[in-house]
Amino acid sequence: MRRAHRVSSCGQSLVEVLIAVAVTAVTVLGLIAVQLSIARDARAMSYREQAPLVADAVAEAARAPAVNDAALGQWKLRAASLLPKGDAAVTGSSADLSFARTTWVAQPFATRTTPGAADGTDMPASCGDVEVPRGVQCVVMAFSR
């Protein structure tokens, strides 16, 4: 007589599937968080890249033999369009030394809650000869007329 062999099913239990789905979900959420962080840092780097160009153009406009207020106004508008709440100005207009300044509001993600974060370059204590409020970043270029 032949004995019937009982073949046990070798499927995965519901708990194993649940654990696999949970691990996959956590991994995907981690990858999404990393991508968002990279995108935010790239945007902040873009602002830090554009601000010196605007400050340099403002300094060149201010150094012109006849100060052209229209050119300075155009660069102020350009700073406002390129940077979040951006502004460009010339201060300290003495005969020897002046400052071309570009300021913009740092994005909320740049505000760090770790100790000592306010001492870094993201939150400057001063911006040349002018104090800036917390959360505002700046670029200053000194030039002589």
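The values are calculated or read from the model by the stated rules, or taken from the named source; none is laboratory data. A quick note: this is a predicted structure, and the numbers were derived from the prediction, not measured. All Cβ positions, even for glycine, are placed from backbone atoms using ideal geometry, and neighbour counts span all protein chains on display.
Considering (1) over 18 Å from the mean Cα position of the chain (by Cα); (2) on the phi > 0 side of the Ramachandran plot, say which one Lys85 fails and leave the rest.
Status for Lys85: all satisfied but (1).
Select from the stretch 46-68 the residues that are farther than 13 Å from Val139 by Cβ and surrounded by fewer than 12 Cβ atoms within 10 Å (Cβ to Cβ) and write down the one among them that is modelled with the highest pLDDT.
Across the stretch 46-68, the extreme among qualifying residues is Ala64.
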